[in-house]
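Before any comments, here is the structure.
Where a number appears in this text, it was derived from the coordinates with a stated rule and is not lab data. Owing to the predicted nature of the structure, the values given are computational and were not obtained by experimental measurement. Here the Cβ is made from the backbone with ideal geometry for all residues, glycine too, and neighbour counts use every protein chain on show.
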Amino acid sequence: MQTTFEIATRGQGLYEFTDDIARWVGGTGLLTLFVRHTSCSLLVQENADPDVARDLQEYLARIAPRADDPSMRWLRHTAEGPDDMPAHLRAALLPVSLSIPVTEGRLALGTWQGVFLAEHREAPHRRQVAAHLSR
């Protein structure tokens, strides 16, 4: 069973789409998610305290600041804007695919876990996440 989820982003941030996935899955099996872009990532992360997402964003900004930051003048790929190559760096550090067990139609996530798309670009985008449920 396969589908594609489309997530509309408003710029950098974490966008939870756990409920969309939960409405789609059924039965028992292994769910594989794969984001079809090179400047965003997928995460299983805490979904209870919004400070977690804010702190994660701040951390990513510190390890891969914009290309116009003096510490990033070594970057060569800058044609698509100062947020593009740092977005690729962040996507190289974070997962672009996830595997989540599904048991009797429910994602086998922990109490405080949700599935997020991590948008690393500053502009809004429409991101596609391919999903495959194997039984």
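Values for this structure:
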| item | result |
| --- | --- |
| Candidates per trypsin sites (Lys or Arg not before Pro) in the stretch 1-80, loop by DSSP, up to 12 other Cβ within 10 Å | R10, R36, R73, R76 |
| In degrees, nearest ten, helix 50-63 long axis to first principal axis of the chain (Cα) | 40 |
| Footprinting exposure proxy for E104, E122 (fewest neighbouring C-beta atoms within 10 Å first) | E104, E122 |
| For the chain, with +1 on Lys and Arg beta carbons and -1 on Asp and Glu, the positive-most of L43, L33, P82 along the dipole | L33 |
| Fewest-first ranking of H88, H132, H77, H120, using other Cβ atoms within 10 Å as the exposure measure | H77, H132, H88, H120 |
| Helix axis angle, 84-93 relative to the chain longest principal axis, alpha carbon, degrees | 50 |
| Student exercise, the stretch 2-134 dipole from Lys, Arg, Asp, Glu Cβ charges, in Debye to nearest 20 | 380 |
| Values of log10 I(q)/I(0), in the order q = 0.12, 0.19, 0.22 Å⁻¹, for the stretch 23-135 under a Debye, Cα-only, solvent-free model | -0.50, -1.01, -1.21 |
| Candidates P65, P101, P86, ranked by Gaussian network fluctuation over the chain, Cα under 10 Å, top entry | P101 |
